[in-house]
Structure formats: C-alpha cells, structure tokens
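Written below as structure tokens is the structure these notes are about.
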Amino acid sequence: MKAIMERDTIRTLTTHYIDGAFVESHGREVMEIIKPTNGQVIARVTLGDEEDTRCAIAAAKRAFVSFSQTTKEERLRYLHQLHQAVSARVDDLTAVMVEEYGGVVRFARILVESGANAFASAEKALQELPLRQSWDKTTVTLEPVGVAGLTTAWNANALFICLKLASAVAAGCTVVIKPSEMSSLQTRVMVEALNAAGLPKGVCNVVTGRGETVGAELVRNPDVAKISFTGSVAVGENIMRDGAATMKRVTLELGGKSPTVLLDDAELDKAIPSALIMAFLNSGQACAAGTRLLVPKNRLDEVKRAIRDAMRTFTVGDPADSNIAVGPMVSQRQWERIESYIRKGIEEGAEVLAGGEGHPEGLEAGYFVKPTVFVNVKNDMAIAQEEIFGPVLCVIAYDSEDEAIRIANDSKYGLHAAVLGTDLQRARRVASQLRAGRVVINSMTDDPQAPWGGFKYSGVGREYGKYGIEAFLETRAILE
C-alpha cells in the first residue's frame, strides 16, 4: 500500500484480481492516470482485455458451484467480514479518491463510508429477507441468479463496488467487477481490502479495462447471467440490446436531470442552501444532483438574491481542503463538456446569475470550472433537458403547483427529485406526483434500506436493501 499512496512518484499497476490472487494482465494497453487538480501523470495502468475477462468469468463460474449453496448464516458472516475489511481502509480510500478523482474530502469520505456500510446494510436486509416459503405441497425458494458482471462508474468508485458486491454476495452470486479504468488507483486499494476479507477464491474477481473490451465480454459471455451497470444511457441501451442474445438479467442506473421543486411557502434561508448542496453534490458529478430548481414566479427575485448570497460558501479549489465545496472535474474531456454546455446555455438565451465560462481565477492548471447558476431558463433548453454532469444549475420559474409538477416530470429522466417547503403534508402530496425513483423532502436525506433506481431513461431495476439483493435472485418453485 505504501507504494500506491506514495506522492510525487508515477505509480505502475499491472495486475488484476482473479481467483483470489493478483495476476499479471494479459492485456497490454497502458493508460495514464491524470491528477485533475494539476493535469500531471500520477500512474500508469495496464488494462485488461477479453482474455483477462474470460479468465475471471471462469473463476467466478467455478466458485459459483459451491458459493451458491452457502447458507444465509454463511453469507451473513462474509458480509460482516467485508464490512470490517473495507472499514479498516476508509482513510486510504478517501485519500486516493481525493487525489485521483478530485472529490472534495468532506464528501469523498461520506461516499467511502457509505460504501463500507453497504455491507452492513445488506447484512441487515438479508437477515430479514425470507429465502424460502411453503404452503400445502409447494415450496418456493429464492436462488442466486449466477455469475454477475458488475460495472461501476468513476464518480463514486468505492460506493458502487461495495453496493453491488454486497447485494451479490448476500444473494449467493459470484462476481466479476469491471470498475472504471479512470479509478484504477482507488480500485487497487479497494481490492486489497476485499482480498483481506477472506472470501472463498473466485467469489470476487476484478478486471480493470475499457467498456468496449472488458465490459463487452461480460455482456456477451453466456457464462454471465446478470449485469449490474452504473453509467450512461447510451451504454445502458447497448447492454440491454446485446445482453438479450444470452438472456442477461440487468440492473441499470443511468443518470438523471433531477428537479428540485421549491414551493411558495419555503423558507429561503434554509431552502436555497439545501437546493445548492443538491445541485453541486460531488462537484456536480452526481447522477442524483438536483440540477433543475423550480421556483414560484412571484418569488423569483427573492430566490435570485438568496442564491447570490449562498453561492459565497460554494468555494472552488483544492479538494483536500475541508473548506472547499467544489473540486475539479475528473478529466480534461469532462471539463470541455461542461464548458460547452455553459456556452450553449448562454447561446440559448439563459442568463448567468453566478459563475460562467472559463477557469476560476488562480486555478488554471487543473480541470476546475466555475459553479454556474442560470436563470430565465426554459425547460425545453438543452441545459435543462440534457445531463451535464457538472456544477451547473438551471432555475426555472413556474406559475402554479400543477405547472411545477408538469415541468418536473417533463424530462426523459426520473432518478431523483426533491421538494422544499414548510407544509409537510403539501410537500408529500407534491412528492407523490413526481415521476422519480426516489424523492426527498427538505434535505438530501438517505436510507440505505430504501430502493435506489430510476423511472424512464434513468434505468431498470433497483439497488439497496432487500430490493438490491432480490435483483440477484431467481424464484424456483418445487411442487409435490
């Protein structure tokens, strides 16, 4: 671990984790890992190929024969061991997320701790989940679906790996994990933790590589029964289409354009900071980010003043500084994407209330953008309809509660939403009409047993708690 975390050294990673061991990559492509705060190379990673992936799938297939027959008690023990092993590396995982991804430290730690706690949450859910039911001469059991391919995104590497692995282990599945190649340093620390957990060989395998090689092999390989993917809509569509050839079961979490509905009774000194926290969550690189703020037209001027005041606390800078709210974007490509959307918003006629184009002053070396708030936004503008995946907030005015609900639902996405207001009964009524997989009221609250997933183009299926475990199970009925 010392070599991995050593500063001012270009680290080299050449292995994958297959059948309980670190093995040299068959793939030969080498990718550079760039530190987003300064654009400097900090690591070189040898990426896996189809052969590495097939070896990992074969190991998982062999392990499934015995692991699928484990008892609930045995799986509970493995989940407990995983929780302990990952919890022991929270500091290391947080530090490497800040360095490699540029996640602000105060939020990065929350994501890492949530990942570690996913094993404890799955343990609780499994304890309460009946795996066998009987009546008359019929017995129905919930059986593990098979080998699962788990593909994770770069914006919350530790969380996604732990969340998916916890559900799969709870169900009795073996896995091949394909983490984002952009998170290779984070993945190495995570795999060291998973290795220390003492799972049987072959239950958990990790191959770092590109989606078009490692990911594609997982999707087309007939020995993989299930794909759980977090990422873009375009890739999700490909997985559904290509996975159909081998009848893959799929869980897809594909992003969002989440609305935050500010009701006319909201207390702005509380509501606006909450809205901005949700908008700039994880430096805006979050699928759940509340990037559309719907406000009553008769309070628009008040809201604009409140936003200007609150934006002073959303400072941009070194993500390792606990006072910083917004860090760099993950890559030059992502920086360019966000800048293009800011320009597009201006071209579409939206007004820049805060932020705008270009690097923040003094931060020209890294992939930093100015947290940007647009007002006078129409919901049919590209900046209001397309997922930007950066710290860009669109403020949209509405005349009535019904119109607010209509605008909120006028999106191809439906992952997350929020309602801000003092009348909780009214807030709940509005929340119940929003077409989103999860809706929060007055803050970005969480419940690790509550389902997570989206309506419409935000995905298929659910994760977390018993809902996540059930996604890795099939029902079998035995009749006498």
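The numbers here are math on the coordinates, done by the rules we state, and not lab data. Just so we're clear, the structure is a prediction, and the values are computed from it rather than from any experiment. Ideal geometry is used to build each Cβ from the backbone, glycine not excepted, and the neighbour counts take in all protein chains shown.
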Kirkwood Rh, the chain, all Cα pairs: how many Å?
23.0
Which one, Cys55, Val233, Met190, projects farthest toward the positive side of the charge dipole computed for the chain from Cβ point charges (K/R +1, D/E -1)?
Cys55
Cα principal axis extents for region 259-447, largest first, Å:
48, 35, 31
Anchor Lys137: lysines whose Cα lies under 27 Å away (excluding residues fewer than 8 positions away in-chain):
Lys72, Lys466
Quick check: from the Cα gyration tensor, does region 1-133 come out rounded (a/c under 1.5), prolate or oblate?
oblate
Whole-Hz ³J(HN,Hα) for each residue in region 182-188, computed from phi via Karplus 6.51 cos²θ - 1.76 cosθ + 1.60 with θ = phi - 60°, x for glycine and proline: what do you get?
6, 10, 5, 5, 4, 4, 4
Treating the beta-carbon of each Lys and Arg as +1 and of each Asp and Glu as -1, no other charges, what is the dipole magnitude of the chain about its Cα centre, to the nearest 20 debye?
840
What dipole magnitude, in Debye to the nearest 20, does region 327-420 give about its Cα centre under +1 on Lys/Arg Cβ and -1 on Asp/Glu Cβ?
320
Based on the mean of other Cβ atoms within 10 Å per residue, sort peptides 159-165, 137-143 so the most packed one is first.
159-165, 137-143
Could you list the residues of region 234-249 with an amide nitrogen less than 20 Å from a label point located 7 Å from the Cα of Ala382 in the Cα-to-C-beta direction?
234-235
Using Cα pairs under 8 angstrom and six or more residues apart, how large is the relative contact order of region 259-447, in percent?
28
Dipole of region 259-447 [Lys/Arg +1, Asp/Glu -1 at C-beta], most positive-end residue of Pro391, Ala404, Leu434:
Leu434
Under a point spin-label approximation (7 Å from Cα along Cα-to-Cβ), what is the Ile441-Thr139 distance to one decimal in nm?
4.5
Hey, what did the chain get for relative contact order, percent, Cα under 8 Å, at least 6 apart?
18
First obtain the Kirkwood hydrodynamic radius of region 342-480 from its Cα pairs, then insert it into the Stokes-Einstein equation at 25 °C and 0.890 mPa s, and state the resulting D in µm² per second as a whole number.
138
For region 190-336, Rg(Cα) over 2.2 N^0.38 Å is 1.44
Report, to the nearest 10°, how far helix 268-279 tilts away from the longest principal axis of the Cα atoms in the chain, using its own Cα long axis and a range of 0 to 90°.
40
In degrees, nearest 10, range 0 to 90: what is the angle between the Cα axis of helix 233-243 and the longest Cα principal axis of the chain?
30
With an 8 Å cut-off on Cα pairs and a minimum separation of 6 or more residues, tell me the relative contact order of region 210-271 in percent.
33
For Lys344, the lysines lying under 26 Å Cα to Cα, once residues fewer than eight places off in the same chain are dropped, come out as Lys257, Lys297, Lys304, Lys370, Lys378, Lys412, Lys456
